[in-house]
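Participant: After the structure tokens below, expect a handful of questions from me.
The values are calculated or read from the model by the stated rules, or taken from the named source; none is laboratory data. Keep in mind that this is a model prediction, so the values were computed, not measured. Cβ placement follows ideal geometry from the backbone for every residue including glycine, while neighbour counts extend to all protein chains displayed.
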Amino acid sequence: YGSPLEEVPVCMEEPECPEWCEGSEQPTAAPTTAAPTTTTTRAAVHLEVGQYTDSRSGTFEKTKEFNEGGITHAPKTQTFSKSFSQKPVVLAGVVTMDGGHPVVPSVEELTATSATMRLYEPDCYDDWHTTETLAWTAMEAGIHETDAGVKFEIGSALASGGGWSSIKFSAPIEGDVVVVPTVQSKTGEWTNLRIQKITSTGFEVLLEAAKPNEHIQGSETVGFIAIPAGDGTIAGRKYHARLTPTEMTESWRTYSFPATSNPRVFAGMTHNGGNTANLRMKGLTGSSLQFRVHEPKKCGWDDKHPGKEQVHLLVLEG
């Protein structure tokens, strides 16, 4: 991926963690929370959080956004509980590993009233995929504030295949920035996202193809959230934003977070190892989960990830 960066406009140390990670070197500093901005009034955030739930993945309380039956390779539509004033940005969560084939989620259709999503396998596989659990969240693009006044951004931008694209925030984000991206356009193929060079003013994203020496053709719209690491509430829902230690490989690792009702898990992953890979999840409880890096082995990789990755983790209360 050696092509020059293409800057596109936005549309609209390892911390100490006795409770944070298990089975890994302990971080040296707790996650930081950006200082809140004092305001006299705060616009309400229209936040929707839901989940396509496969009952095999665990026991989940049925909420109004609960979509029983999980998600597969077949497109599935979720109607929002309340219409947005404009088409929102939808973020897809980390896919479980009930099926062993590699898979990425994609937002196929998006309107102010609903989102249609599905799972894609690489073309090295058969595209048929068993039922998985997948969280989703929807918010309108823009600079928002948590209930404590911490500023964060929901945005989207056009990213080009064949190399890294630079995405700039509308305004600087304070503290350690957690970034979670999701493809917003109908790709018709496997399109994996990796991130790097995350700063207070933006980040770089790669549209990652399944095979070695293969590139995604054309451009895709990438939606994202950029939020300071820390804990709080958004529209009354708890959130926990974390940067894990740079340690993720193909081995399962357990991470903990403060107790949360019906946790919905979202994540971005760095690109320290060049092999195509994304995150998969299992063992989700109200306070912990397991992650591993998953490579598409039939596409020419060995599923032994050559670098240690950092995970940008966001847990939202369902």
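Participant: Does at least one position in the stretch 194-207 carry a residue that is part of a loop (DSSP other than H, G, I, E, B), touching a Ser or Thr at 6+ places or on another chain (Cβ under 9 Å) and of a type in the set (A, V, I, L, M)?
Facilitator: yes
Participant: Contact list please: Cβ distance under 6 Å, first residue in the stretch 111-126 and closer than 29 Å to A141 by Cα, second residue among the β-branched types (V, I, T) and outside any strand (DSSP E or B), pairs at least six apart or on different chains.
Facilitator: Cβ pairs passing all conditions: L119/V103; E121/V103.
Participant: From the residues in the stretch 248-277 that are out of contact with any strand residue (DSSP E or B) (no Cβ under 7 Å at 6 or more places or on another chain) and farther than 23 Å from T133 by Cα, which one is surrounded by the most Cβ atoms within 10 Å (Cβ to Cβ)?
Facilitator: In this case the residue turns out to be N275.
Participant: What is the residue count in the stretch 174-189 for residues that are under 13 Å from T116 (Cα atoms) and in contact with a Gly (Cβ under 6 Å, 6 or more places away or on another chain)?
Facilitator: Count: 1.
Residues checked against (1) of a type outside the set (A, V, I, L, M, F, W, C); (2) modelled with pLDDT of 95 or more; (3) closer than 27 Å to S256 by Cβ:
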{"site": "V10", "(1), (2), (3)": "no, no, no"}
{"site": "A30", "(1), (2), (3)": "no, no, yes"}
{"site": "T38", "(1), (2), (3)": "yes, no, no"}
{"site": "S55", "(1), (2), (3)": "yes, no, yes"}
{"site": "E61", "(1), (2), (3)": "yes, no, yes"}
{"site": "E65", "(1), (2), (3)": "yes, no, yes"}
{"site": "P88", "(1), (2), (3)": "yes, yes, no"}
{"site": "A92", "(1), (2), (3)": "no, yes, yes"}
{"site": "G99", "(1), (2), (3)": "yes, no, yes"}
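Participant: Can you say whether E132 is acidic (D, E), modelled with pLDDT of 95 or more and within 18 Å of Y52 (Cβ to Cβ), as far as the supplied structure shows?
Facilitator: yes
Participant: Please work out which one of (1) out of contact with any Pro (no Cβ under 9 Å at 6 or more places or on another chain); (2) within 16 Å of Y52 (Cβ to Cβ) is the condition F80 fails and give its number.
Facilitator: Of the numbered conditions (1) out of contact with any Pro (no Cβ under 9 Å at 6 or more places or on another chain); (2) within 16 Å of Y52 (Cβ to Cβ), the odd one out for F80 is (1).
Participant: Would you check which residues across the stretch 206-239 are under 16 Å from A267 (Cβ atoms), out of contact with any Gly (no Cβ under 8 Å at 6 or more places or on another chain) and not aliphatic (A, V, I, L, M) and list them?
Facilitator: Answer for the stretch 206-239, where residues must be under 16 Å from A267 (Cβ atoms), out of contact with any Gly (no Cβ under 8 Å at 6 or more places or on another chain) and not aliphatic (A, V, I, L, M): just E208.
Participant: Restricted to the stretch 147-193, and to residues that are in contact with a His (Cβ under 9 Å, 6 or more places away or on another chain) and in a loop (DSSP other than H, G, I, E, B), which residue is nearest to V311 (Cα to Cα)?
Facilitator: Looking at residues that are in contact with a His (Cβ under 9 Å, 6 or more places away or on another chain) and in a loop (DSSP other than H, G, I, E, B), I get G163.
Conditions (1) touching a Ser or Thr at 6+ places or on another chain (Cβ under 9 Å); (2) within 21 Å of G188 (Cα to Cα); (3) assigned to a strand (DSSP E or B), marked per residue:
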site: Q86; (1), (2), (3): no, no, no
site: V90; (1), (2), (3): yes, yes, yes
site: H101; (1), (2), (3): yes, yes, no
site: E109; (1), (2), (3): yes, yes, yes
site: A112; (1), (2), (3): yes, no, no
site: L119; (1), (2), (3): yes, yes, yes
